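Just so you know, all these numbers are worked out from the coordinates, no wet-lab data involved. Because the structure is a prediction, the values reported are computed rather than measured. Cβ placement follows ideal geometry from the backbone for every residue including glycine, while neighbour counts extend to all protein chains displayed.
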Amino acid sequence: MNSLDDTHDQALLSWVASANEPGCDFPIQNLPFGRFRRAGSLEPWHVGVAIGDRILDLTLACDKPGWTDAEKERLLPLAQGSLSGFMALGAQARAALRRQLSLALREGSSWQPVLVDCLVPQAQAVMTLPCEVGDYTDFYTGIHHATTVGKLFRPDNPLLPNYKYVPIGYHGRSSSLCASGHAFHRPMGQLKGDAPEPRFAPTARLDYELELGALIGPGNELGEPITMANAEAHLFGVMLLNDWTARDVQSWEYQPLGPFLSKNFASTLSPWVVTMEALAPFRAPFERPAGDPAPLPYLDSEANRTQGALDIALEVWLQTAGMRERGEAAVRLMQSNFRDAYWTLAQLVAHHSSNGCNLRTADLLGSGTQSGPQPGQGGSLLELTQGGKQSITLSNGETRTFLQDGDTVILRGFCERAGRRRIGFGDCAATVLPARTLSSTL
Ligand code: CA
């Protein structure tokens with residue numbers, strides 16, 4: 001596990017003033033990575049680190065005189081605009097760069113006059129995915145989600161017998177992963193419902209799923225499982241993930257092989273990867289309710305039991321087209337916490353590779369929908385509306401069962417703990433456009 005050092009000190013302030021404001025997602029204790037370019041330009045993507053409402057452009061920073069040879073060497077691959085080479089290096093390199101940037105950005109640093117013109121306002125930047133994501137696997141670790149959704153279909157037996165033994169997952173698709181801020185057309189699909197025959201039409205039950213996405217740092221060789229003792233060392237960092245779902249397509253297509261076109265039309269990632277080092281102050285014990293089975297030995301370790309979980313508050317916000325027209329802010333639909341997940345990230349890594357399957361740098365593991373234990377804490381509209389049977393009323397009087405055209409869904413996440421500086425993930429937002437008409441698709 002990643003240890004705590006002076007980069008986590010809550011008293012640490014940055015010479016970038018906005019980083020010191022209470023409630024800021026990106027104080028100097030966070031330092032997440034992303035890729036960006038200046039809005040309106042066609043320049044190549046640069047790797048940057050979020051600090052307050054700015055981005056430290058590592059391409060520009062690397063060019064500045066004054067770095068030691070080791071520091072320069074650390075920045076060079078990143079200065080070329082690629083994060084994945086750095087991701088493959090692992091925790092030691094990450095911790096070293098974190099320390100280097102923390103020293104350079106903290107109040108009183110002699111780097112201030114040098115680096116001040118390497119800052120780009122986030123408001124003037126366009127973000128892309130932080131890396132080219134390889135394979136994408138989606139898990140199902142949210143036990144409250146699994147139970148609520150299971151109840152809709154099997155009221156007496158909501159959880160299938162494998163749930164408490166197997167970290168359930170399926171292979172997703174990375175080509176349709178998008179960076180926050182995009183818009184996508186309501187997908188077409190086969191819908192059946194109670195009708196005698198299916199028809200091909202725009203989904204009428206478009207939903208979001210509140211998830212966490214973990215990016216793999218160093219991979220493993222094919223045939224060489226990752227043990228629990230090493231699993232954390234293969235994690236690079238964490239982002240927010242919206243696994244949009246067409247519920248009516250899903251219910252007709254999912255048997256017997258699981259989700260397919262109901263999921264792969266779009267998935268949204270937040271722009272910044274929060275590293276495992278930044279998350280170190282927010283570890284929590286991995287605990288199960290009394291009477292639940294212990295994980296099988298290959299999914300168990302002392303370190304996982306004592307601090308395998310992560311205390312990350314998660315939220316879903318909605319801004320309808322009407323709110324946007326009237327200049328109204330988004331409203332919060334729910335809150336949950338990743339601490340409630342039934343499996344830890346380390347267990348997902350160990351399970352995924354336990355048969356010898358090789359994980360590669362920049363693969364993405366989705367956590368599955370993270371719902372809380374209370375009915376109002378559903379991480380999808382499917383749960384909040386009891387399968388579409390009961391609409392929810394927004395604070396402005398509008399109602400929803402599923403998403404309507406023009407809706408913008410925003411996922412937010414942050415870590416807060418006494419004695420620690422709050423860190424956040426930045427918005428993971430996307431907007432639903434009307435379905436393409438048949439004439440425009442033919
Ligand atoms: Ca999912």
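Take the chain, connect every pair of alpha-carbon atoms lying under 10 Å apart with a spring to form a Gaussian network, then pick out the residue of Phe338, Phe260, Phe200 with the largest mean-square fluctuation.
Among Phe338, Phe260, Phe200, the largest GNM mean-square fluctuation belongs to Phe200.
For each of Lys64, Lys263, count neighbouring Cβ atoms within 10 Å of the residue's Cβ, then give the residues from fewest to most. All intermediate terms of the calculation are to be shown ahead of the outcome.
Values: Lys64 15, Lys263 24.
Ranking Lys64, Lys263 by Cβ neighbours within 10 Å, fewest first, gives Lys64, Lys263.
Using alpha carbons only, how many angstrom separate the centre of region 298-338 from the centre of region 232-276?
15
Based on alpha-carbon centroids, what's the gap between region 93-112 and region 381-423 in Å, whole number please?
37
With a cut-off of 8 Å between alpha carbons and a minimum separation of six or more residues, what is the relative contact order of region 119-205 in percent?
Details: 71 pairs, mean separation 23.5, N = 87.
About 27 percent, as a whole number.
Debye sum, Cα scatterers, region 289-419, no solvent: what log₁₀ I/I(0) at q = 0.15, 0.17, 0.20 1/Å?
Log10 of I(q)/I(0), two decimals: -0.88, -1.01, -1.18.
Round to the nearest 0.05 the FRET efficiency obtained for Ala290 and Gln10 when R0 = 45 Å and r is the Cβ-Cβ distance. Working shown, then result.
Details: r = 35 Å, r/R0 = 0.77.
So, using R0 = 45 Å, E works out to roughly 0.85.
If a paramagnetic tag sat 7 Å from the Cα of Tyr170 along the Cα-Cβ line, which residues of region 190-212 would have the backbone N under 20 Å from that point?
190-194, 198-212
If you place +1 on the Cβ of every Lys and Arg and -1 on the Cβ of every Asp and Glu, how big does the dipole about the Cα centre of region 228-321 come out, in debye to the nearest 20? Kindly include the intermediate steps, with their values, before the conclusion.
Details: 5 positive and 11 negative charges, 26 e Å.
Its charge dipole is roughly 120 debye.
Rule-of-thumb check for region 246-363: C-alpha Rg over 2.2 N^0.38 Å?
Numbers: Rg = 18.7 Å, N = 118, 2.2 N^0.38 = 13.5 Å.
Rg over 2.2 N^0.38 Å, computed on Cα atoms: 1.39.
Average projected area of the Cα convex hull of region 81-177, in nm²?
11.0
Please work out, to two decimal places, the log10 of the ratio I(q)/I(0) at q = 0.10, 0.23 Å⁻¹ from a Debye calculation in which every Cα of region 23-132 carries one identical scatterer.
-0.25, -1.51
What is the spin-label model distance, in nm, from Arg332 to Leu257 if the labels are put 7 Å beyond Cα along the C-beta direction?
4.2
Taking just the C-alpha trace of region 358-425, give me its Rg and Dmax in Å.
16.5, 50
If contacts are Cα pairs under 8 angstrom and at least 6 residues apart, what is the relative contact order of region 176-297 in percent?
Details: 180 pairs, mean separation 35.6, N = 122.
With pairs under 8 Å counted, the relative contact order is 29 percent.
Using a Gaussian network for the chain with springs between C-alpha atoms less than 10 Å apart, which of these wobbles most: Ala195, Ala362, Ala231?
Maximum fluctuation in the GNM of the chain, among the listed residues, is at Ala195.
I need to check one value: relative contact order of the chain, counting alpha carbon pairs closer than 8 Å and at least 6 residues apart, in percent. Walk me through the intermediate numbers first.
Values: 1029 pairs, mean separation 94.3, N = 442.
With pairs under 8 Å counted, the relative contact order is 21 percent.
For a distance above 40 Å, tell me the whole-number percent of Cα pairs in the chain that qualify.
Details: 17190 of 97461 pairs.
Of all Cα-Cα pairs in the chain, 18 percent lie more than 40 Å apart.
At most 14 other Cβ atoms within 10 Å and a DSSP loop assignment: could you name the GluC sites (Glu not before Pro) in region 319-416 that fit?
Values: sites: Glu325, Glu328, Glu383, Glu398, Glu416; in loops: Glu328, Glu398, Glu416.
Answer in residue order: Glu328, Glu416.
Which chymotrypsin sites (Phe, Trp or Tyr not before Pro) from region 105-185 combine a DSSP loop assignment with at most 15 other Cβ atoms within 10 Å? Show your work: numbers first, answer last.
Details: sites: Trp111, Tyr136, Phe139, Tyr140, Phe153, Tyr163, Tyr165, Tyr170, Phe184; in loops: Trp111, Tyr140, Tyr163, Tyr165.
In loop regions of region 105-185 (DSSP not H, G, I, E or B), the sparsely surrounded chymotrypsin sites (Phe, Trp or Tyr not before Pro) are Tyr165.
Taking only the alpha-carbon positions of region 315-366 and ignoring solvent, what does the Debye formula give for the base-10 log of I(q)/I(0) at q = 0.13, 0.16, 0.24 Å⁻¹?
Calculated log10 I(q)/I(0) at the listed q: -0.58, -0.68, -0.92.
Could you give the distance between the Cα centres of region 115-138 and region 15-71, to the whole Å?
If we compute the Cα centre of each part, the gap is 10 Å.
Kindly state, to the nearest 0.05, the FRET efficiency for Asn358 paired with Gln80, given R0 = 22 Å and r defined as their beta-carbon distance.
0.30
Over the chain, with a Gaussian network built from C-alpha contacts below 10 Å, which listed residue (Ser110, Ser84, Ser336) shows the highest mean-square fluctuation?
Judging by the Gaussian network model, the answer is Ser110.
Under unit Cβ charges (Lys, Arg +1; Asp, Glu -1), what dipole magnitude, rounded to 20 debye, does the chain have relative to its Cα centre?
Here the chain has a charge dipole of around 500 debye.
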